[in-house]
Amino acid sequence: MDRSVVTSMKVIQADITKIEVDAIVNAANSSLLGGGGVDGAIHRAAGPGLLEECRTLGGCRIGEAKITKGYNLPALHVIHTVGPVYSGSPRDAELLAACYRNSLVLAKQYSLESIAFPAISCGVYGYPMKEACEIAVDTTAAFLKDQGQGLTVWFVLFSLPDLLLYQSCLESISENATSTKKNCVDKLSRDD
Ligand code: AR6
């Protein structure tokens, strides 16, 4: 793995609504009209302007992403994406990867230099954190390798165990990342 890809991915334990980046990603639902979890926190912190702009977007399909301004947030933009409700089917992984990829594509389209992701689908939508972490890191690394020049990606985790899981995955990439996926899976299995 290219060293610059590794150094462009960072992990932090924090409330995503407090992060100063060009865009934070919202784990939204298809209506884009707000909800609980990180979605609720983002709408509360951004203020009513965010909901007003979201009303004009016509919703969002699972795996897709849409961008708005950040209003009262320290972040300049919010990228709204809709993760899959975990069902155990292989389609879940495809859709979750699409959330990360499409959010990153939007960030590049808008010439953003920093983007922060929460653990999409890992709350109410029930995605197992370990599997989701591997998909998030893998998909992001592949994107950064091909077209991520100048973009820094933050993974923002709420809890310490989640932070440690992501750190372990990122460390295994940086140790020897000839095969990102294999390294993540091996490392995470060893830690069971
Ligand atoms: N900062 C960072 N991470 C957070 C924050 C925060 N402020 N708040 C929660 N998390 P969830 P989902 C973590 O349920 O599973 C909403 O109602 C949380 O610990 O917010 O994609 C939407 O409207 C978890 O690890 O999103 C949808 O209906 C992760 O963010 C539905 O929930 C995602 O948890 C989406 O469910």
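Among the residues of segment 98-113, those that are open to solvent by less than 40 Å² (accessible area, probe 1.4 Å) and within 16 Å of the ligand (Cβ to nearest atom) comprise A98, C99, Y100, S103. Taking (1) in contact with a Lys or Arg (Cβ under 8 Å, 6 or more places away or on another chain); (2) away from the ligand (no atom under 12 Å from the Cβ); (3) assigned to a strand (DSSP E or B) in turn, H80 satisfies each apart from (2). When E113 is tested against (1) touching a helix residue (DSSP H, G or I) at 6+ places or on another chain (Cβ under 8 Å); (2) charged (D, E, K, R); (3) over 24 Å from N29 (Cβ atoms); (4) at pLDDT 95 or above, only condition (1) is not met. Each residue in segment 137-160 was checked for being in a loop (DSSP other than H, G, I, E, B) and more than 12 Å from the ligand (Cβ to nearest atom), and 4 of them qualify.
Among residues of segment 131-147 that are over 11 Å from R101 (Cβ atoms) and open to solvent by less than 10 Å² (accessible area, probe 1.4 Å), those with a Cβ under 6 angstrom from a residue that is of a type in the set (A, V, I, L, M) and part of a helix (DSSP H, G or I), sequence gap 6+ or separate chain, pair up as C133/L165; A141/V5. Cβ-Cβ distances below 7 Å connect the following pairs, each with a first residue in segment 76-101 that is in contact (Cβ under 8 Å) with a residue 40 or more places away in the chain, a second residue that is among the acidic types (D, E) and open to solvent by less than 40 Å² (accessible area, probe 1.4 Å), and a separation of six or more residues or different chains: L76/D22; H77/D22; P84/D92; Y86/D92.
The values are calculated or read from the model by the stated rules, or taken from the named source; none is laboratory data. The structure presented is a predicted model; accordingly, all values stated were derived computationally and were not measured. FYI the Cβ positions are ideal-geometry reconstructions off the backbone, even for glycines, and counts take in every protein chain you see. Please note that ligands, DNA and RNA were not included when accessible areas were found on the heavy atoms of the full protein model with its side chains. Shrake-Rupley method; radii C 1.70, N 1.55, O 1.52, S 1.80 Å.
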